[in-house]
Each structure stands twice: as C-alpha cells, then as structure tokens.
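> Once you've had a glance at the structure underneath, I'll fire off some questions.
Only the coordinates and a few stated rules stand behind these numbers; no lab work does. Just so it is clear, the structure is predicted and the values come from calculations on it, not from any experiment. Virtual Cβ from ideal backbone geometry, glycine too; neighbours counted across all protein chains shown.
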Amino acid sequence: MSGDSLAFLDELETTIRQRAAQPSPDSYTSLLLQQGVQRIAQKVGEEAVELALAAVAGERRQQLEEGADLLYHLLVLLTSRGLALADVVAVLESRHRR
C-alpha cells in the first residue's frame, strides 16, 4: 500500500471524526453516527456479507466496491466507539511480532 493510500485513510478517518463532533444534516456519515452503534454495526455486517458474496462470485469490481464500503463503515464504527484504525493496526502489529 502506498503512502498516499495510507494518507487518504487518515484523511477519511479525520473527516469521520469531524462529522461526529460537528454533525452536518446532509452528511451520510453524520446520519450513521446519529443512528448509533447498533445501526453502524449492522451496516458493517451487511457490507462484510456483500464482500464475501462478491468474492465467491469472483467479480473484481464488485469486490473492490464492497471492500471500500466495508472499510468505510468499519472506520465509522471504530470512531463511534472512540477507537481508531491505528488501534487496530497496533493489534495486528503485536500479533505479527509474536
């Protein structure tokens, strides 16, 4: 993954945090955050299933779209719980070093 890709994820996560702090009525992210963790978790589950089904079907474009949706909703879920992608990465790093 390139540095630009990682920088974009950081930028996206910052935008999600901003929407949490200052909701915007025309923002899907703000709407999700207002609906609460149960709705956000439901969306994460839906997107995970859709990605798994796309993987089985073997449609590359659909896999990329669903992967993007899953990653976005994961970032929203983490933010809603006061967590960050860096927290998840830290767990992965610690597992890798064992």
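> Under the rule of -39500 (n - 2.57) per DSSP H run of 4 or more residues, summed and divided by the residues of the chain, what mean residue ellipticity at 222 nm is obtained, to the nearest 500 deg cm²/dmol? Please list the in-between numbers first.
Working: 5 runs with 82 residues, N = 98.
That calculation yields -28000 deg cm²/dmol at 222 nm.
> Further question: What does the charge count near residue 85 come to, summing +1 for each Lys or Arg and -1 for each Asp or Glu among other residues with Cβ under 9 Å from its Cβ?
Values: positive: none; negative: 10, 13, 87.
Surrounding charge for residue 85 is -3.
> Take every Cα pair under 8 Å in the chain that's 6+ residues apart, average their separations, divide by the length, and report that relative contact order as a whole percent. Don't skip to the answer; put the middle values down first.
Details: 63 pairs, mean separation 28.2, N = 98.
In percent, rounded to a whole number, it is 29.
> Just how many % of Cα pairs in the stretch 3-97 lie over 23 Å apart, if you round to the nearest whole percent?
Working: 1382 of 4465 pairs.
Within the stretch 3-97, distances greater than 23 Å cover 31 percent of Cα pairs.
> I want the local charge near residue 64. Using Cβ-Cβ distances under 15 Å, sum +1 for each Lys or Arg and -1 for each Asp or Glu among the other residues. Walk me through the numbers before you get to the answer.
Numbers: positive: 60, 61; negative: 47, 50, 59, 65, 66, 69.
Local net charge: -4.
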